[in-house]
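S.K.: Dropping the structure in here first, questions after.
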Amino acid sequence: MSIETAYIGLGSNLPSIVGNPKVTLTVAIERLGSLGAVTAQSSFYETEPVGNPDQPRFLNAAVALQTELGPFVLLDRLLTIEREFGRDRSQTQAKGPRTLDLDLLLMGNRILNEDRLTLPHPEMSMRRFVLAPLAEIAADAVHPVLGKTISALLKELRDEGQNRIAAVHIS
């Protein structure tokens with residue numbers, strides 16, 4: 001099987017079994033190493049919550065993971081890691097507080113639109129809290145549907161509402 005680079009977005013705004021959100025993200029990134037090789041890691045970004053403002057601020061990051069796993073196996077492993085940190089997606093509110101969120105953002109130039117997985121992540125191009133950390137480690141990666149680099153998508157975001165520049169900053 002060939003090795004592909006997957007880009008994974010991480011987020012946390014509640015303590016997990018290992019500690020506060022910063023510790024959670026740090027340990028989760030180490031845990032991602034069991035799925036391949038983490039070849040790049042962004043800074044941690046403090047971000048305002050999106051979709052449900054009545055919750056604690058988030059800590060977000062992005063990593064590049066070189067892996068032999070296919071996208072569906074990788075997704076299953078990411079969900080397993082979330083559960084290990086105390087998050088069960090079937091029991092939590094959408095866009096609500098969470099101990100750990102692991103989103104498969106891009107995987108090579110794959111385009112998928114399945115019930116279980118859409119690649120690239122369908123909302124990533126509209127979210128500064130995803131694009132800012134991703135641009136730090138993969139500015140020249142190309143969104144395979146939009147045909148634009150991550151840095152171009154970030155520059156195109158309007159500085160308003162949930163995408164205000166002030167709402168997303170390095171922690």
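A short reminder: the numbers here are calculations on the coordinates, not readings from a lab. None of these values were measured; they are calculated from a predicted model. Ideal geometry is used to build each Cβ from the backbone, glycine not excepted, and the neighbour counts take in all protein chains shown.
S.K.: With ASP140, ASP103 as the choices, which residue is in contact with a His (Cβ under 7 Å, 6 or more places away or on another chain) and of a type in the set (Asp, Glu)?
M.R.: Numbers: ASP140 fails: in contact with a His (Cβ under 7 Å, 6 or more places away or on another chain).
ASP103 is the lone residue from the list that is in contact with a His (Cβ under 7 Å, 6 or more places away or on another chain) and of a type in the set (Asp, Glu).
S.K.: For region 100-147, how many residues are within 22 Å of ARG31 (Cα to Cα), touching a Leu at 6+ places or on another chain (Cβ under 6 Å) and assigned to a helix (DSSP H, G or I)?
M.R.: So the answer is 0.
S.K.: Filtering region 19-48 down to residues that are part of a loop (DSSP other than H, G, I, E, B), of a type in the set (S, T, N, Q) and in contact with a strand residue (DSSP E or B) (Cβ under 7 Å, 6 or more places away or on another chain), which residue is surrounded by the most Cβ atoms within 10 Å (Cβ to Cβ)?
M.R.: From region 19-48, those part of a loop (DSSP other than H, G, I, E, B) are 20, 36, 42-44, 48; that's our starting set.
When the remaining residues are screened for being of a type in the set (S, T, N, Q), the result is 20, 42-43.
Still in the running and in contact with a strand residue (DSSP E or B) (Cβ under 7 Å, 6 or more places away or on another chain): 42-43.
Numbers: SER42: 22, SER43: 14.
Per the stated criteria, the residue is SER42.
S.K.: Looking at GLY51, is it surrounded by fewer than 18 Cβ atoms within 10 Å (Cβ to Cβ) and touching a residue at least 24 places away in the same chain (Cβ under 8 Å)?
M.R.: yes
S.K.: Which residue out of ILE150, ILE165, ILE170 is in contact with an Asp or Glu (Cβ under 7 Å, 6 or more places away or on another chain) and within 20 Å of PHE44 (Cβ to Cβ)?
M.R.: Numbers: ILE150 fails: in contact with an Asp or Glu (Cβ under 7 Å, 6 or more places away or on another chain); ILE170 fails: in contact with an Asp or Glu (Cβ under 7 Å, 6 or more places away or on another chain).
Selected residue: ILE165, the only one of ILE150, ILE165, ILE170 that is in contact with an Asp or Glu (Cβ under 7 Å, 6 or more places away or on another chain) and within 20 Å of PHE44 (Cβ to Cβ).
S.K.: Is there any pair linking a residue in region 149-171 that is among the aliphatic types (A, V, I, L, M) to one that is part of a loop (DSSP other than H, G, I, E, B), with Cβ under 6 Å and at least six apart or on different chains, and which?
M.R.: Cβ pairs passing all conditions: ILE150/ALA139; ILE150/ALA141; ILE165/ASP159; ALA167/GLU48; ILE170/SER43.
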